[in-house]
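The values are calculated or read from the model by the stated rules, or taken from the named source; none is laboratory data. Keep in mind it's a predicted model, so treat the numbers as computed, not measured. When we count neighbours, we look across all protein chains shown, and the Cβ atoms used for this are built from the backbone with ideal geometry, even at glycine.
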Amino acid sequence: MNAKKKKVLFILGGVAAVLVLAVIIFALSFDINSYKPRIEASASQATGLDVRINGKMGLSLFPFGVSAGDVRVAKKGMELVSIEKLRVGVELTPLLNKQIKVTVCELVKPAFTIAQDANGKYNFEGAENKSAKDKTRTGAAFSLNELRLSNASLVHFDAKTGKMKEFKDFDMELKGITIDDISADIITNISFTGSLDVREVLQKNFKIKNLKAKMKAGKGIYSLDPITMDVFGAKAEGNAVVDKSKGDAVYKINFRIPKLDFANLEESLGTKKVLSGKGDLDASLTIKEKGNRKLISGMDGTFSLRGDNLVIYTMDLDKVLTSYGKSQDFNLVDLGAYFVAGPLSTVALKGYRYGDVYNQTRGGQGSISRLVSRWKVSGGMADAVDCALSTRHNRVAVKGRLNLVAERYDNVTAALLDEKGCAKVKQGISGPFGSPKVGVVSVAETLAGPVITLFRKAKGVVKGGKCEVFYNGAVQQPR
């Protein structure tokens, strides 16, 4: 390299060094906090919400960006979001052309409060306050390389159901965020990939820990696959898809919980401890949203709950079933409630305190060798596909339908079986979940007072002869 070229490179290097030094001096001397009122006003106008920056703002050089502390977002005096620290990364080159291109946005310890009123409207809706200039920018696109949330929390309250969900201490990372048209519906225009890590989800007695999921969105379809979580004392796995591409949402949910703890399941469902042991829970559901109808009316799919070698804390079941021929004072439908108390218990046990009758009149402790509870759901109607249990000496099965939309038992029958699967005795339950009828006697009456004779001999049963098979499922007759 000749002396002239070396001199040119030396000069260019010196100029570059001076420019870098100038940028550093500018960053150190520039008071971005003097622009805080203008930034707050612009953010409030763009969102239609009240945006305030209570903490200090600052500039960073490597990478270049802006930070702000204690950011608050409210609507009509109600706080929606609080952010302990906000960091925004910006590309330097577009700034030379007076353009801002945000590349990274990080929210440290944000807290979100989301509420829905009785009509399903969210507390942040109706917040659009775009200028006429913004409204004419149809077709304008938006992109963000990365969005990160760390140590976040979210509280969701639904006024219609009175239920509150809490997402505690979660991290979320979204990459490649693009919105094709900011003037159109964001739900169907946004796309991204990402991950979610939630330490704890709470809803009354129901608790989920260590929920992790991979996320993907595009063209109105959102997927979480795979999903893992700790629930009911076990590790669950599955996937979920929400399809909003055609307006009304379609939810597809698949999950499996092997070796769940029955006692943990009952506690989460708000029922008293009746069973203990391990079992497997599987569910595959499709739920179709349609206008203002109940989501449950658009539910299709399957539930199943299986368990072996379970312990009953309220009675010696074999003793009760074996003595029925002498006393005939056993409420067989109470035993059928164990099947309803499977995947569908939060709906179908409304007002029905299963197991109380045994605490009042029986006592003791027993065992279930095998329990199977399989249901097929179509249009909000749940049909018992294979529902039975066996003890050391007896077998009981349940048939019938649960109307989950009208919240009614539809000809549900429990039967004590012989070795051929025929009903030795059977008993039905029908009517509303809250006040069902057992024959002509209400369940509430039998639970409140002395247990009365409710056995009804099955018609057509002839010892040693032919019979109508009531049950032919996976639970075998004990020896």
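Structure notes:
- In region 222-241, the residues that are under 18 Å from LYS175 (Cα atoms) and buried (at least 16 other Cβ atoms within 10 Å of the Cβ): TYR222, SER223, LEU224
- Scanning region 204-234 for residues that are in contact (Cβ under 8 Å) with a residue 24 or more places away in the chain and more than 28 Å from GLY176 (Cβ to Cβ) yields LYS204, ASN205, PHE206, LYS207, VAL231, PHE232, GLY233, ALA234.
- Check on LEU285, among the aliphatic types (A, V, I, L, M), buried (at least 18 other Cβ atoms within 10 Å of the Cβ) and in contact (Cβ under 8 Å) with a residue 24 or more places away in the chain: no
- Failed item, numbered, when ASP243 is tested on (1) of a type in the set (D, E, K, R); (2) under 24 Å from THR113 (Cβ atoms); (3) at pLDDT 90 or above: (2)
- Yes/no for GLU419 being in contact with a Gly (Cβ under 8 Å, 6 or more places away or on another chain) and either modelled with pLDDT of 70 or more or more than 28 Å from GLY379 (Cβ to Cβ) (or both): no
- For region 223-246, a residue qualifies if it is part of a strand (DSSP E or B) and among the small types (Gly, Ala, Ser), and the qualifying residues are SER223, ALA234, ALA236, GLY238, ALA240.
- Candidates are the residues of region 247-278 that are assigned to a strand (DSSP E or B) and touching a Phe, Trp or Tyr at 6+ places or on another chain (Cβ under 7 Å); the one that is farthest from GLN365 (Cα to Cα) is ILE257.
- Failed item, numbered, when VAL201 is tested on (1) closer than 30 Å to ASP261 by Cα; (2) out of contact with any Phe, Trp or Tyr (no Cβ under 8 Å at 6 or more places or on another chain); (3) of a type outside the set (Ser, Thr, Tyr): (2)
- Test for ALA213: is it among the aliphatic types (A, V, I, L, M), within 17 Å of the chain's Cα centre (by Cα) and at pLDDT 95 or above: yes
- Among the residues listed as THR361, THR346, the single one being modelled with pLDDT under 60 and touching a Gly at 6+ places or on another chain (Cβ under 9 Å): THR346
- Put simply, of LEU49, LEU61 the only residue that is at pLDDT 65 or above, touching a helix residue (DSSP H, G or I) at 6+ places or on another chain (Cβ under 6 Å) and surrounded by 10 or more Cβ atoms within 10 Å (Cβ to Cβ) is LEU61.
- Residue within region 121-129 that is modelled with pLDDT under 90, surrounded by 15 or more Cβ atoms within 10 Å (Cβ to Cβ) and in a strand (DSSP E or B) present: no
- Residue in region 140-187 that is modelled with the lowest pLDDT, counting only those that are among the hydroxyl-bearing types (Ser, Thr, Tyr) and in a strand (DSSP E or B): SER143
- Here ASN210 passes the criteria (1) outside any strand (DSSP E or B); (2) touching a Lys or Arg at 6+ places or on another chain (Cβ under 9 Å); (3) surrounded by fewer than 18 Cβ atoms within 10 Å (Cβ to Cβ) except the one numbered (1).
- Selected residue [small (Gly, Ala, Ser), modelled with pLDDT under 75 and at positive phi] from GLY465, GLY449, GLY434, GLY439: GLY439
- The set of residues from region 395-428 being part of a loop (DSSP other than H, G, I, E, B) and either surrounded by 20 or more Cβ atoms within 10 Å (Cβ to Cβ) or basic (Lys, Arg) (or both) comprises LEU404, LYS420, GLY421.
- Applying a threshold of 6 Å to beta carbon distances and a minimum spacing of six or more residues, or different chains, the list of pairs starting in region 180-203 at a residue that is in contact (Cβ under 8 Å) with a residue 12 or more places away in the chain and ending at one that is of a type in the set (Ser, Thr, Tyr) reads SER183/THR138; SER191/THR178.
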